[in-house]
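Trainee: Take a look at this one; I'll ask things after.
The numbers here are math on the coordinates, done by the rules we state, and not lab data. Everything numeric here is computed off the predicted structure, so don't read it as measured data. Glycine also receives a Cβ, built like all others from the backbone with ideal geometry; neighbour counts cover every protein chain displayed.
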Amino acid sequence: LQGMTPQEACEAACQRIVEINGGLDKGDFDDKFVAVNKKGEVGCASIRGVRGRHPYVSVISGEGFNAMEGSALQWRE
């Protein structure tokens, strides 16, 4: 997913899986993606998430520990 930010790439990968499987209403599948580029930028996305509990990714770098909140295509209660 060249030319995208890591966040955009994760969201595009989730969307592609949904499209291949015929939509979000065609089963109870879920996947989560994490991407890092050469600059150290991080992205995180899930197909489904629970409202109030975003997907997270933890990263350790020269700057220390960081937990980053991701996104989801669909939120469940």
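Trainee: Looking only at segment 54-74, count every residue that is surrounded by 10 or more Cβ atoms within 10 Å (Cβ to Cβ) and either part of a strand (DSSP E or B) or β-branched (V, I, T) (or both) and tell me the total. Outline the logic, then answer.
Mentor: Taking segment 54-74 as the starting set, the residues that turn out to be surrounded by 10 or more Cβ atoms within 10 Å (Cβ to Cβ) are 54-59, 61, 66, 68, 70-74.
Retained after the next criterion (residues that are either part of a strand (DSSP E or B) or β-branched (V, I, T) (or both)): 56-59, 61, 66, 68, 71-74.
Residues that pass the stated criteria total 11.
Trainee: State all residues of segment 39-53 that are among the small types (G, A, S) and crowded, with 18+ Cβ neighbours inside 10 Å; if no residue qualifies, say none.
Mentor: If the condition is that a residue be among the small types (G, A, S) and crowded, with 18+ Cβ neighbours inside 10 Å, then G43, A45, S46, G49 are the ones that fit.
Trainee: While we're on this one: Mind listing whichever residues of segment 1-24 are closer than 18 Å to W75 by Cβ and part of a loop (DSSP other than H, G, I, E, B)?
Mentor: Listed by number, the residues that qualify are G23, L24.
Trainee: A further question on this structure: Assess whether V50 counts as being of a type in the set (V, I, T), within 17 Å of M4 (Cα to Cα) and under 16 Å from the mean Cα position of the chain (by Cα).
Mentor: no
Trainee: Condition first: part of a loop (DSSP other than H, G, I, E, B) and surrounded by 12 or more Cβ atoms within 10 Å (Cβ to Cβ). Now tell me which residues in segment 25-38 satisfy that. Steps first, please.
Mentor: Restricting attention to segment 25-38, the residues satisfying the condition of being part of a loop (DSSP other than H, G, I, E, B) are 25-31, 37-38.
Of everything in segment 25-38, those that are part of a loop (DSSP other than H, G, I, E, B) and surrounded by 12 or more Cβ atoms within 10 Å (Cβ to Cβ) turn out to be D30, D31, N37.
Trainee: Moving on. List every residue pair whose Cβ atoms sit under 7 Å apart, with the two residues 6 or more apart in sequence or on different chains, where the first one lies in segment 3-24 and is surrounded by 13 or more Cβ atoms within 10 Å (Cβ to Cβ) and the second, anywhere, is in a helix (DSSP H, G or I).
Mentor: M4/A12; L24/V18
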